[in-house]
Amino acid sequence: MDILAQILVPFLHIKLLALVAAGTFAGIYIGAIPGLSVTMAVSILISFTFSWDVLPALSLMIGIYMGGVYGGSRTAILLNIPGAPSAIATAMDGFPMAKRGEAGEAIGITTVMSFFGGLVGILVLAMAAPSVSAFAIKFQPRDYMLLAVLGILLVGSLSGDSLIKGIFAGAMGLMIGSVGLDPLTMAQRFTFGAPVLMGGISFIAVMIGMFGVSEALMQLHSVNTPAVRQVIKRIVPSFGTIRKYLPLSLQSSAIGVIIGALPGTGGDIAALMAYDHAKRITKNPEVPFGEGAKEGLVAPETANNAAVGGAFIPMMTLGIPGDSVTAIMIGALFIHGLNPGPLLMVQQPDMFWFIVGALILANFFMLIFGLTGIKIFVKIVEMPRTVLIPLILLLSIVGAYAVNNSLTDVYWMLGFGVLGYFMRLYGYSLGPVILGVILSRLLDDNWRRAIISDQESLPLLFKGILTSPLSLVLFASVVLIFISKTPLWTWMKRSLRPTAQN
């Protein structure tokens, strides 16, 4: 009963309930604006909530976090501009649905599935936090390196019709992510002696340019074409639809929780991995992936919201942040005299259960706010292109500038927008570029750490992979997925098919 009482604290106190609601509402719209990240919003809040009590401060931060992770899907679906990195996969099928006049249905599916994924993540946090943390802490640098390689193999799922073009785009993303100073030796990489490149290229500027500006330029080809009228028949998915996608959402939630619980990963990688998983297990989708498949909405949106609960697991049980937002929350807890980790779980379990309760409440508010105002939002897609194109460019410029308050990021954004336009014109998918940028740092850092921990010896590194059960499973997964993408595997499946029929 004591646990239930602590979980219900944010539900029963009007001030805390209002703060969670306000935070979730603000988070949805902050997350929907490209460049205004949840991490930025929560970090700014610390200075405002410094003099507050810890419970109101956490209530507001948790609301913004939960709402912000979901909010990125709005602009991804309506304008093909992911409001957050975790919504990149959502845009691949959400925007084609909007172009078919199904924006309302797409937003309804993402909202309900985001709620479901968030609920699963919170349930795992409440029921199995110590067990999941014990598993996550076993990951060595070589395991993170293998996880990054596993992520890079997703390029086949994001590359459209041509795997070769997808590999080229992914390699380009890895190169863009490597620009700047080497994190270990501080040597310059791809800077060509230019000081402006030493700090690297903002990932957000690349993402907004590739998706936002390129979309505005593509819209110029049909500037006089009438906008597609959106048919808003049913926003909330039917019970039959939810039941149909329940197995996929459960599997995607598991991916989200596990990836979210790994320090330094996050919802963006979880969403992309879940999207790839959906493509692999969905045999006959009603609509092909990349052209408006509902499975392409269910998997990433369930996974990135499940990753929220996953990110709190190492934070609460070990004092290790699961992502950048929980890192800031650890700082907020320190400011208020609390020390997250094993001792907090033992000495102040009420704080743990309060956070669980606030997450549940924020998840319900996300569902309520996410399903309201949709008819107004979809009017954006119905705007004349002469209005829509300047709006997309304005959002892109504001989003790129807001990251570091730097005009340099705006220039990068515009440059990558033009590059993205020509890539789309010649049949190159933009998803692998962004994937490469996301994974470049994870791969680079953990490759170095793995080599250093194994005394700078490749034989010792491979010995460690082969002798560690976890590393061996990841390595086997990498090999199997790599083989499955080769022409030999396709030929073998075709040759075995007639035999199976006989």
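Below is a table of values for the structure above.
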| read-out | value |
| --- | --- |
| Qualifying positions in segment 98-118 - surrounded by fewer than 24 Cβ atoms within 10 Å (Cβ to Cβ), in contact with a Gly (Cβ under 9 Å, 6 or more places away or on another chain) and either hydroxyl-bearing (Ser, Thr, Tyr) or part of a helix (DSSP H, G or I) (or both) | 99, 108, 112, 115 |
| Selection count where residues are among the hydroxyl-bearing types (Ser, Thr, Tyr) and either farther than 17 Å from residue 445 by Cα or within 18 Å of the chain's Cα centre (by Cα) (or both), scope segment 177-214 | 3 |
| Residue tally, condition surrounded by fewer than 17 Cβ atoms within 10 Å (Cβ to Cβ), touching a residue at least 24 places away in the same chain (Cβ under 8 Å) and within 26 Å of residue 428 (Cα to Cα), over segment 181-220 | 2 |
| Residue count for segment 50-95, restricted to those that are part of a helix (DSSP H, G or I), among the polar types (S, T, N, Q) and closer than 21 Å to residue 290 by Cα | 4 |
| Only one of 270, 311, 307, 293 that is part of a loop (DSSP other than H, G, I, E, B) and at pLDDT 85 or above | 293 |
| Residues of segment 444-502 that turn out to be part of a helix (DSSP H, G or I), at pLDDT below 75 and exposed (fewer than 12 other Cβ atoms within 10 Å of the Cβ), as a count | 16 |
| Hits in segment 1-20 - residues which are surrounded by fewer than 14 Cβ atoms within 10 Å (Cβ to Cβ), of a type outside the set (A, V, I, L, M) and modelled with pLDDT of 85 or more | 15 |
| Set 399, 357: member being over 22 Å from the mean Cα position of the chain (by Cα) and part of a helix (DSSP H, G or I) | 357 |
| Residue tally, condition closer than 30 Å to residue 5 by Cβ and at pLDDT below 80, over segment 352-398 | 0 |
| Checklist (1) touching a helix residue (DSSP H, G or I) at 6+ places or on another chain (Cβ under 6 Å); (2) surrounded by fewer than 21 Cβ atoms within 10 Å (Cβ to Cβ); (3) assigned to a helix (DSSP H, G or I) applied to residue 391, failing item | (1) |
| Residue list for segment 127-143, restricted to those being part of a helix (DSSP H, G or I) and within 22 Å of the chain's Cα centre (by Cα) | 129, 132, 133, 135, 136, 141, 143 |
| Any hit, segment 321-329, residues being crowded, with 24+ Cβ neighbours inside 10 Å, at pLDDT below 75 and of a type in the set (Asp, Glu) | yes |
| Given (1) under 15 Å from residue 81 (Cβ atoms); (2) in a helix (DSSP H, G or I); (3) more than 21 Å from the chain's Cα centre (by Cα), index of the condition residue 383 fails | (2) |
| Test result for residue 55, closer than 13 Å to residue 20 by Cα, surrounded by fewer than 24 Cβ atoms within 10 Å (Cβ to Cβ) and either at pLDDT 85 or above or charged (D, E, K, R) (or both) | yes |
| Test: residue 416 is in a helix (DSSP H, G or I) and closer than 30 Å to residue 312 by Cβ | no |
| Residue among 174, 163 that is within 20 Å of the chain's Cα centre (by Cα) and in contact (Cβ under 8 Å) with a residue 60 or more places away in the chain | 174 |
| Pairs, first among the acidic types (Asp, Glu) in segment 301-330, second modelled with pLDDT under 80 and surrounded by 24 or more Cβ atoms within 10 Å (Cβ to Cβ), C-beta under 9 Å, six or more apart | 301/86; 323/265; 323/266; 323/267 |
| Breaking point among (1) of a type outside the set (Gly, Ala, Ser); (2) surrounded by 24 or more Cβ atoms within 10 Å (Cβ to Cβ); (3) in a helix (DSSP H, G or I), for residue 340 | (3) |
| Selected residue (only one of 369, 364 is touching a helix residue (DSSP H, G or I) at 6+ places or on another chain (Cβ under 6 Å), in contact (Cβ under 8 Å) with a residue 24 or more places away in the chain, within 30 Å of residue 127 (Cβ to Cβ) and of a type outside the set (Val, Ile, Thr)) | 369 |
| Tally of residues being loosely packed, with under 13 Cβ neighbours inside 10 Å and not in a helix (DSSP H, G or I) across segment 236-253 | 1 |
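Yes or no, residue by residue, for (1) over 20 Å from residue 152 (Cβ atoms); (2) surrounded by fewer than 24 Cβ atoms within 10 Å (Cβ to Cβ); (3) among the charged types (D, E, K, R):
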position	(1), (2), (3)
282	yes, yes, no
286	yes, yes, yes
301	yes, no, yes
306	yes, no, no
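The values are calculated or read from the model by the stated rules, or taken from the named source; none is laboratory data. Computed from a predicted model, the values in this text were never measured in an experiment. When we count neighbours, we look across all protein chains shown, and the Cβ atoms used for this are built from the backbone with ideal geometry, even at glycine.
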